[in-house]
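The values are calculated or read from the model by the stated rules, or taken from the named source; none is laboratory data. Remember, it's a predicted structure, so these values are computed and weren't measured experimentally. No Cβ is skipped: glycine too gets one built from the backbone with ideal geometry, and neighbour counts run over all protein chains shown. Protein only, heavy atoms only, side chains kept; ligands, DNA and RNA dropped before computing areas. Shrake-Rupley method; radii C 1.70, N 1.55, O 1.52, S 1.80 Å.
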Amino acid sequence: MFLAATAAVVVLAVAAGGAVYLRLSGNINTFDGKGLSHHRPQETPGDAQNILLIGSDSRSGNNAKLGGGKDPVGRSDTTILLHVYADHRHAVGVSIPRDSLVDIPPCLLPDGTWSQTRTNAMFNSAFTLGSTADGNPACTQNTVEALTGLRVDHTVVVNFAGFAAMTEAVGGVPVCLPKDIHQKDLNPNRLTQGDLVYRKGEQKVSGKAALDYVRLRHGIGDGSDIGRTKRQQAFISSLIGQVKKEGFSPTTLLPLANAATKSLTVDPGLGSAGKLLSFAMSLKDIDLADIQFLTVPWKYSGARVALVHPDVDNLWTTLKEDRTLDGKPTGQHTKKKAGPAPTASTVSGAGITVSVYNGTTTRGLAARAANLLRARQFTVSGTATASTQNRTTTVIEYGTGLKTQAQTLAALFPHAQLQPIPGNQINLITGQDYANTPTTTSPPAVPAELPSTVAAQARPANRSICSDLSYG
């Protein structure tokens, strides 16, 4: 949840000296990548990145002193999907309410078995699947990828204790409240109002007071998790601003880097200070005005939250195509010379030759895929049965120098896996995932633009800390 600020401070590790650098690496925990789904979306094109940020509210260890309660099972209190645009000068963080009703795909359990798909389940139940103190970040990642169609490049989990330590390391974070808050607002089970905890207006909070602020739900607006999400977005923006304000001196940032790395559980791709450093450097040029936060389009469904279609689908498509929320592409700033990646609605295969193989027992599947490719101007060199016919996932094999062409082809097969091979050919080996899709050779419909009402709800990170702090 707080990686946008946390990752930036790890830059100082290089200047801090080898011993500190190694110490920071030793602080970082990683989760097992074996739990990631075998049916993932295609790789994020170009230099864009999708980072899943999870705030864990486990009461295990030192977290129990801060969060109250005794349940040691790791739970996801907050989840944000951060899309970093290909120009690395813009970013959008999309909050997914914990009460959202979603489908949870199969996930790896502690005993080594995989769960069954769960339909219409609460989103945060993915993180608790398996009932361990560390939670199940791989399951949450699988759920987000299935929900959005976006490939998550990195996942980061921050716990209670780490969050509190980070806010202390920066000397507190400026926040604002629309009214006085008393003890009963933090604990609605109290019989009396209790002492004043926060006064109305602007103030600085750190440690447990900062944690209570981001977890505060009652006493403001309609007391919902949606309102709390708005305050968390404002807090993250203020935290990023505070880090930038303090500057990048070792005196200021060494304690923050130490607190941050101690609090993180990350995917194997970020499992060292060096890897975090590389990622941090990719974010350092994003200004506050170019970081936006919004909550996924939603509506109440009884006591839960339902996602609003097609608005939510258009939001995921907007990010997949690397368009800003107002519909503008950022491709002119993309570092890679290849330019913006093709999408299913724009792909043209002119000049690309593909051999098509049927990797299933479904008759006529290679011919079906070949017809689709020809309709999109690809040259099909031939169709045949693959050497094995038990493939569940479509595979695109590409030779040296043909990755860009393979990515163009992959735009028509959203779940395909790209695999480099020797030689100079491209092979499409269809899997059962393609056999299960509706038969069509017509171009997919161009997705609608993200409604302006959704884009208008986005909160720039440089917005006043006293605005838009509740719902209802």
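One table, with the values for the structure above:
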quantity	calculated
Residues of the range 368-419: accessible area per residue with a 1.4 Å probe, Å²	46
Protection proxy ranking, peptides 359-365, 316-322, average beta carbon neighbours within 10 Å, highest first	316-322, 359-365
Spin-label pair Tyr300/Thr400, simplified geometry with 7 Å Cα→Cβ offset, distance in nm	6.3
Derived scalar couplings ³J(HN,Hα) [the range 232-245; Karplus, 6.51 cos²θ - 1.76 cosθ + 1.60; whole Hz; x for Gly, Pro]	5, 5, 5, 5, 4, 4, 5, 4, 4, x, 5, 4, 5, 5
Cα convex hull of the range 139-222 - mean projected area over all directions, nm²	7.9
Probe 1.4 Å - accessible area at Lys34, Å² to nearest ten	150
Protein-only accessible surface order, largest first, of Asp57, Asp285 at 1.4 Å	Asp285, Asp57
Residue pairs, from the table Lys184/Lys244; Lys184/Lys299; Lys34/Lys299; Lys230/Lys320, whose Cα atoms sit over 32 Å apart	Lys184/Lys244; Lys34/Lys299
Pairwise FRET efficiency - Thr132 versus Arg199, Cβ, R0 = 30 Å, nearest 0.05	0.15
Per-peptide average of other Cβ atoms within 10 Å, ordering 162-171, 179-188 highest first	162-171, 179-188
Peptides 129-138, 373-382 ordered by average Cβ neighbours within 10 Å, highest first	129-138, 373-382
